[in-house]
1. Among ALA405, PHE356, PHE371, whose Cα lies farthest out toward the positive end of the dipole of the stretch 293-416, if unit charges sit on the beta carbon of Lys, Arg (+1) and Asp, Glu (-1)?
2. As an exercise, use a Förster radius of 22 Å and the Cβ-Cβ distance of GLU123 and LYS591 to find the FRET efficiency, rounded to the nearest 0.05.
3. Under a 5 Å amide H to amide H cut-off, with H placed in plane at 1.01 Å, what residues pair with CYS484 once short-range neighbours are removed?
4. Any lysines with Cα under 26 Å of the LYS383 Cα? List them, leaving off those in the same chain fewer than 8 positions away.
5. Report, by chain and number, residues whose modeled amide H sits under 5 Å from the one on GLY44, excluding near sequence neighbours (fewer than 5 apart, same chain).
6. Could you tell me what percent of the accessible area of the chain is made up of carbon and sulfur, with a 1.4 Å probe and every protein chain present?
7. Write down the Kirkwood hydrodynamic radius of the stretch 293-416, to one decimal in angstroms, obtained as one divided by the mean of 1/r over all alpha carbon pairs.
8. Please compute the contact order of the stretch 7-105 in relative form: average sequence separation of alpha-carbon pairs under 8 Å and at least six residues apart, divided by the residue count, as a percent.
Amino acid sequence: MLRTHKCGELTTNHAGQAVTVCGWVDSYRDHGNLLFIDLRDRYGLIQVVFDPSENAEAHKLAQSLRSEDVIQATGKLKLRDPGLINPKIKSGEIEIRATDLAVLNKSKQPPFLPTSDNVPNEELRLKHRYLDLRRPALQSALIMRHKLCMAVREYFDKQDFIEVETPMLGKSTPEGARDYLVPSRVHPGEFYALPQSPQLYKQLLMVGGMDRYFQIARCFRDEDLRADRQPEFTQIDVEMSFVGQEDILSTIDGLVAHMVKNVRGVDYPLPLPRMTHAEAMERYGNDKPDIRFGMELTDIGSIVKDCGFGVFKSTLENGGRIRGINAKQAADKYSRKTIDELTAFVGEYGAKGLAFFRVKEGKLDSPIAKFFSDEHQAAIIQKMGGENGDLLFFVADQPKVTSAALAALRVRLGKELKLYDPMEVKVLWVLDFPLYGWNADENRWEAEHHPFCNPNKDDLHYFETDPGKIRAQSYDLVCNGYECASGSVRVHDPAVQQKIFDFIGLKMEDAEEKFGFLLNALRYGAPPHAGIALGLDRWVMLFLANDNIRDVIAFPKTQKASDLMTEAPSPVDAKQLRELHIKTDVPAELK
């Protein structure tokens, strides 16, 4: 070993001991005869003092050191003089009086200093990710990620689950997001697909009698990216046999409590709250509500149906809704200019406008308040729970637009008005999702989640009359406004599975070609089974109160799915393409 101790583990208890530490030069201060080096490893900082009277050669060598040089320092650990104690760092009471120094590697002038208060732009950090990984914040995120994985494995092991690795090279089944395709050299013209999830394999494991499976699985989806999504990601994948929905919910309740206990050190109250999809859409406008704060959506259609404001009246006559939210005590926090900005913001979600009222002296204050009688105003204030100083916002449009626009506005206002503690974690289940959604472009019904989800038995009669009312035996776990897990009770009867394929327009021969291995497996005594997958990256992000998933992944991709450090994706050698029998035909405008 090149070191006897790690920088961050030394304490006053080690005073008087001879120690050897290794790490990176974090900072240096030359005070004439004495040279002070702050040495850093991932465990922390320690001050190393070089005194020429103790070793002139080591002192001279130390004078040549610069930030990010890698060194080995040996000396005696001593207590600092009382006036030199630094209470800001863990090792502020101690220092190493160096007797020997070895430079293990010199560093070029780095484009940024990992521990500087001035964090550089993300593009530069991703380009030099190996330097960025030295930042304590990023190291803490990866350490938490490790602890979370360990907690997951510990929990499932105690619940009699077994971890099984499923293939990375599988069959392309383009029913959801786009697959990442991998050409086969030994099967010219044919392709593997990287897994979007281990969905089909874990169902096959249930047919194989594995009973309780989990996996911390790598998955890939070729889809448009955003701050909380990556082309390759990690999920905690779970499947159980001889269970129903309630068994999955209670098992994952326990997992969430175990994760929170391990990373936050607190007991999370169980059972987790539950809400139907219909209730979530009505109260919050979306199916992943952030319940850390209120500001729920309220419908005032019955109040304003006979008001004098034409926009409201015509919207109701055309089957629309008038819904709003109450920004408590925000009347003086938003000027007309900022409200215009909010109007443009909701326009991005399809809203044609944004009506607003300030509650002032028990009445509504707004350019359109004159269209509402005193009775209307009093009823609106009462329905909205309004008080003097509140700011009421309304969207008049078709139901889907009011939901989308107000849900987005609610989230924005919640953040701007600081209505919640960013470190707080609030989790709930959203249940009873629609089984099918109508695809207007293709003029057909399609599965909302995936075609392997069991319908609610109470809704089977809707197959012939109103498929949009069929509820799925599916469930999402939502945390702080993010979908953090999704699952369902699976179809285990091959006849029912084929009926679902027929309904979404997947003919028997096509179903056999794409999913024949699954359908065939179901014919050999498949047990009732259900499962779920939790997004590991997203959970780490939320536990750290971060809003960028790239900050909790060691080597992430950009929003354009590129790796700035390795410059992937990149062209490959023509010989490789010939071996794969592939020719590229990229349009000139895309090059």
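The values are calculated or read from the model by the stated rules, or taken from the named source; none is laboratory data. Note that the structure is predicted; figures quoted are calculated from it, not measured. Please note: Cβ atoms are built from the backbone with ideal geometry, for glycine as well, and neighbour counts cover all protein chains shown. We work out accessible area using only protein heavy atoms, side chains counted, and drop any ligands, DNA or RNA first. Shrake-Rupley method; radii C 1.70, N 1.55, O 1.52, S 1.80 Å.
1. ALA405
2. Result of the calculation: an efficiency of 0.50.
3. Those qualifying (amide H under 5 Å, at least 5 residues apart or on another chain) are LEU477, VAL478, CYS479.
4. LYS288, LYS305, LYS313, LYS328, LYS333, LYS352, LYS360, LYS363, LYS370, LYS400, LYS415, LYS418
5. Distant-sequence amide H within range of GLY44: GLY8.
6. It is 51 percent, rounded to a whole number.
7. Across the stretch 293-416, the inverse of the average 1/r is 14.2 Å.
8. Here the relative contact order equals 33 percent.
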